[in-house]
Amino acid sequence: MVSKLSTQSIKKNQLVLIGVCSDDNSSFKKGPAAAPPLIRKALYNGSANLSAENGISLANNHRFIDIGDINVGPSVEEFMGIEQHLVDVLERGGIPLTLGGDHAITYPLIKAMARYHQPFSILHFDAHPDLYDELEGNRLSHACPFARIMEDSLVTRLIQVGIRTLNDHQKAQIERFSVESFDMINFDPKSFKPNLKGPVYISFDLDALDPAFAPGVSHFEPGGLTVRDVLGIIQKIDVPIIGADIVEYNPTQDINGMTAMVAAKLLKEIGGMILKSNPE
Ligand code: MN
Ligand code: MN
């Protein structure tokens, strides 16, 4: 059963918060389906204000609206139906910031984005390239979304940072799809410039961060980025940010809700950059 989002009150170029409760395509551990309300709870828990570092506050901001969560059932139809939910937001001119859910949801999200924005690039933060042709027989696995996106030619450039799990298959997929994949062994977050020429969508898998900063994920991959590293990269973006997702928060793995707070911080900072980079 998929609940309906209340999209009627969305205004043009408003930042629209959506939760997508789905983890049926997670390969190793379930848990991210429960994430959206917990990230919201961290955002509003009263311990911090809602101001982003760029000076934009989400508190009482008429350009920010939260339209709630959708619960996505296990069928392929319901899963691919995520696309239509986002279309309803884009149709009204909203700029979506989606809380996952696992990373599988980015494929239907980008299918919707590509119907309203062309051309655009994706800046993808992740320990994993998520370019598997299939995993355990599932082509919609959370290990595969960017293979589907690139096969469908939905974006002009896919730029990946935080990568530290390359194998021969994923290297071949990077070649095949001309992905700009920056693996951690050679990566300097301070000097990194994606040289974006047009609009960009941010897809943020929390396991891009070192598990020291974000232990609430399904796949621990030590040797990752710091929270400061990723904020520096995001805050330097100088093109319109047309949407974003923050995925793979797994509350069953979290310690004292610290990863929910990191996700809430990213929501604030990416949200602030979305509002700054788009006219009212
Ligand atoms: Mn991922
Ligand atoms: Mn990952």
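Spin-label model, residue 136/residue 276: points 7 Å from Cα along the beta carbon direction are separated by 4.1 nm. When only alpha carbons are used to place a centre, the stretch 234-280 and the stretch 1-67 end up 10 Å from one another.
Give a quick list of trypsin sites (Lys or Arg not before Pro) in the stretch 160-218 that DSSP marks as loop, anything other than H, G, I, E or B, with at most 10 other Cβ atoms within 10 Å. The partial results should precede the final answer.
Values: sites: 164, 171, 176, 190, 197; in loops: 164, 190, 197.
Listed in order of number, the matching sites are 190.
How big is the charge dipole of the stretch 15-277 about its Cα centre, in debye rounded to the nearest 20, if each Lys and Arg gets +1 on its Cβ and each Asp and Glu gets -1 on its Cβ? Write out the running numbers ahead of the final one.
Numbers: 22 positive and 33 negative charges, 190 e Å.
Roughly 920 debye for the stretch 15-277.
Taking amide H as placed 1.01 Å from N in the peptide plane, the amide H of residue 224 sits under 5 Å from that of 210, each at least 5 places away or on another chain. Calculated from the alpha-carbon coordinates, the chain shows an Rg and a Dmax of 16.9, 49 Å respectively.
Coupling constants for the stretch 121-138 follow from the phi torsions by the Karplus curve (6.51 cos²θ - 1.76 cosθ + 1.60, θ = phi - 60°), and in residue order they are 10, 10, 9, 10, 9, 5, 6, 10, x, 6, 10, 4, 5, 7, 9, 6, x, 9 Hz; glycine and proline get x.
Let me have the 222 nm mean residue ellipticity of the chain computed from DSSP H runs of 4+ only, each contributing -39500 (n - 2.57), with the sum over all residues rounded to the nearest 500.
Values: 8 runs with 80 residues, N = 280.
Result for the chain: -8500 deg cm²/dmol, rounded to the nearest 500.
Each of 156, 7 was scored by other Cβ atoms within 10 Å of its Cβ. Arranged with the fewest first, they read 156, 7. For residue 197, the aspartates and glutamates whose Cα falls under 14 Å of its own Cα, not counting residues fewer than eight places away in the same chain, are 238. Counted residue by residue at 0.36 nm each, then reduced by the alpha carbon distance between them, the extension gain from residue 71 to residue 152 reaches 26.6 nm.
Amide H to amide H under 5 Å from residue 135: which residues, 5+ apart in sequence or cross-chain, H placed 1.01 Å off N in plane? Residues meeting the criterion, in which the H sits 1.01 Å from N, are 141.
Fraction of C-alpha pairs exceeding 20 angstrom in the stretch 26-151: 53 percent, rounded to a whole number. Straight-line reach only, C-alpha to C-alpha below 27 angstrom: list the lysines that residue 190 could link to, leaving out same-chain residues fewer than 8 apart. Straight-line reach from residue 190, under 27 Å: 171, 236, 265, 268, 276. Under 12 Å from a label point set 7 Å out along the Cα-to-Cβ vector of residue 176, the amide N atoms of the stretch 111-142 belong to 131-135.
Normalised radius of gyration for the stretch 205-262, please: alpha carbon Rg relative to 2.2 N^0.38 Å, two decimal places.
Details: Rg = 12.1 Å, N = 58, 2.2 N^0.38 = 10.3 Å.
Relative to the rule-of-thumb radius for its length, the stretch 205-262 sits at 1.18.
Between residue 80 and residue 115, the distance separating the two model label sites (each 7 Å from Cα on the Cα→Cβ line) works out to 1.3 nm. Only sites in a loop by DSSP and with at most 16 other Cβ atoms within 10 Å count here; which chymotrypsin sites (Phe, Trp or Tyr not before Pro) in the stretch 205-280 make the cut? Loop-located and lightly packed - 220.
Read the figures in this text as sums done on the coordinates, not as results from a lab. A quick note: this is a predicted structure, and the numbers were derived from the prediction, not measured. Virtual Cβ from ideal backbone geometry, glycine too; neighbours counted across all protein chains shown.
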